[in-house]
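Reviewing the structure listed below.
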Amino acid sequence: MTSISQVSLKSLPAADEIQQGESFATPGITGSDSQKRPEAQGVNVSSLAVSWAKKYYNTVEARENQGVRQIPDSSESSNYDGNRAKIVDKLMDTLKIASDIAWNKVEAVLGGQIEQQAIDPSLISHEEIAADTRTLYRKAIDAYGDREPASRLSVVVGKELVKLRRKYSEKNSLVLGFVTLQFQYTSKILLGCLAESELSEFAPYIKVVDDYLHIPYGQINEAAANHPPNSRALLAVQHLLQHTTQIASAVYDRASSQHPGYRSSSGYLSDREVKISSMRDVEIFQSYLCWCVLEESIRPLQQELFPICVMLYPKLHVSWELVQDMLLILFWEISDRLPAEDLIVFLPYLRTVTEMFSSDVFEN
C-alpha cells in the first residue's frame with residue numbers, strides 16, 4: 001500500500017473534481033493518484049493560509065533562536081458500588097496536590113513559550129488556572145460519587161467548561177494551550193492514583209471534561225445557530241459529526257502502522273494513553289473543520305488551532321511528519337465517508353489545513 005506521506009498535496013482533489021457518487025476510499029490511493037490535479041477554485045485561500053502559516057512559524061522560531069530563556073524541568077480495589085466512596089475520597093485527596101504538581105510540569109514544558117510566543121505574562125495566572133482545574137474536576141468526581149452517568153456529566157458541567165474555554169481563548173488562544181496541558185497533566189495524576197479495576201469507572205468522566213475543554217463546542221453551536229435548518233453547511237457538519245470517532249480511530253490505526261516505534265514525550269504511539277490522546281487530536285482537527293465550515297472562514301485555524309499546535313507539538317516531541325501524515329489520512333477518510341455534496345463543503349478547508357501543516361511551512 002502506498003504510504004500517505006508519499007502522496008503529494010497536489011494530489012488532493014479540487015472541489016470541482018468531486019462528482020456525485022465518486023468515492024475516494026483510502027485503500028484506493030495508488031501511484032496514479034499522486035499526479036498533479038487542477039487546483040481548487042478557492043486555492044487563493046489556501047495559498048494565503050500557507051503564507052500566513054510560514055510567517056507565523058518563522059516568527060516563533062526566530063524568537064527561540066535569539067536565546068529565549070527556558071524554564072528547567074521540575075522535579076487495588078474492586079468496581080462494586082460499596083467502594084465508590086473510597087474511590088471518591090482517593091480522588092479528592094489526590095486532587096488537592098495534583099493541580100500544583102501539574103502546573104510544575106506545565107511550566108517545565110511551556111514556561112519558555114511565554115517569551116517565544118510573545119504572550120503577555122499577565123494573562124497566565126497559575127493560581128487561577130489551578131483553581132479552575134480543581135473546580136471542574138471536583139464536580140466530575142462529585143458526579144461520579146453521586147452515581148450520575150458519565151453521559152450526564154456534559155449536562156452537569158458542560159456549560160461551565162464552555163465558559164471556561166471561552167474565558168481563556170478570548171484572552172489569547174495560546175493561553176488555552178497552557179490550560180489544556182494543565183488539565184491533561186492533572187487528569188493523568190488522578191487516573192494514576194486508581195487501581196486498574198477502578199480506571200474503567202472514572203476514565204469516562206475524565207474524557208467528558210477533556211472533550212469539552214479541547215473541542216470548541218460553544219463556538220460551533222453559535223456558528224450553527226446562524227444557519228437555517230436546511231443549510232448545506234449545517235447538514236454537512238451534522239453528517240461529519242456522526243463519523244468523527246470512527247474516523248479518528250481509522251486515522252490512528254493507519255498512522256501508527258506507518259510509524260512503528262514512534263515515541264513522543266508521552267510514550268510510544270502504540271501505548272493506550274497515547275492512542276487516546278492521538279484520537280482526541282484527530283477529533284479536535286475535525287471539530288475545527290466544522291467550525292470553519294459553519295463560519296465560512298479559516299479564522300479558527302489561524303487564530304486558535306495552528307498557533308496552539310506550533311506551541312505544543314514540538315515541546316511534546318510530536319513530529320510534524322506524523323502530523324502531516326495524519327492529516328493526509330484524515331483527508332482520505334473524510335472523503336471516503338461523506339457523500340459528494342458534503343465533501344464539496346469541507347474540501348476547501350480540508351485542503352487549507354493540510355497545506356498549513358505541510359512540509360513547505362516547516363521546511364526549517
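General observations
- Restricting attention to the stretch 240-268, the residues that are of a type outside the set (S, T, N, Q) and open to solvent by 10 Å² or more (accessible area, probe 1.4 Å) total 12.
- A single member of ALA150, ALA130, ALA143, ALA118 is more than 23 Å from the chain's Cα centre (by Cα) and not basic (Lys, Arg), and it is ALA143.
- Sub-7 Å Cβ pairs linking a first residue in the stretch 76-100 that is modelled with pLDDT under 90 to a second residue that is basic (Lys, Arg) and open to solvent by 30 Å² or more (accessible area, probe 1.4 Å), at least 6 apart or interchain, are SER77/LYS86, ordered by first then second residue.
- Looking only at residues of the stretch 93-140 that are hydrophobic (A, V, I, L, M, F, W, C) and not in a helix (DSSP H, G or I), we find that the one that is surrounded by the most Cβ atoms within 10 Å (Cβ to Cβ) is ILE124.
- Counting only residues that are in contact with a helix residue (DSSP H, G or I) (Cβ under 8 Å, 6 or more places away or on another chain) and either within 21 Å of LYS163 (Cα to Cα) or part of a helix (DSSP H, G or I) (or both), the stretch 193-231 holds 25 of them.
- For ARG147: the one exception among (1) part of a helix (DSSP H, G or I); (2) open to solvent by 70 Å² or more (accessible area, probe 1.4 Å): (1)
- Note on the stretch 150-191: residues that are surrounded by fewer than 16 Cβ atoms within 10 Å (Cβ to Cβ) and in contact with a Gly (Cβ under 7 Å, 6 or more places away or on another chain) total 1.
- Among the residues of this structure, LEU161 counts as one that is outside any loop (DSSP other than H, G, I, E, B) and within 21 Å of the chain's Cα centre (by Cα).
- Exactly one residue out of LEU194, LEU234 is more than 26 Å from ILE298 (Cβ to Cβ), open to solvent by less than 30 Å² (accessible area, probe 1.4 Å) and not aromatic (Phe, Trp, Tyr): that is LEU194.
The values are calculated or read from the model by the stated rules, or taken from the named source; none is laboratory data. On a predicted model such as this, the values are computed, not experimentally measured, just so you know. As a convention, Cβ positions derive from the backbone with ideal geometry for all residues, glycine included, and neighbour counts pool all protein chains shown. Ligands, DNA and RNA are excluded from the accessible area calculation, which covers all protein heavy atoms including side chains. Shrake-Rupley method; radii C 1.70, N 1.55, O 1.52, S 1.80 Å.
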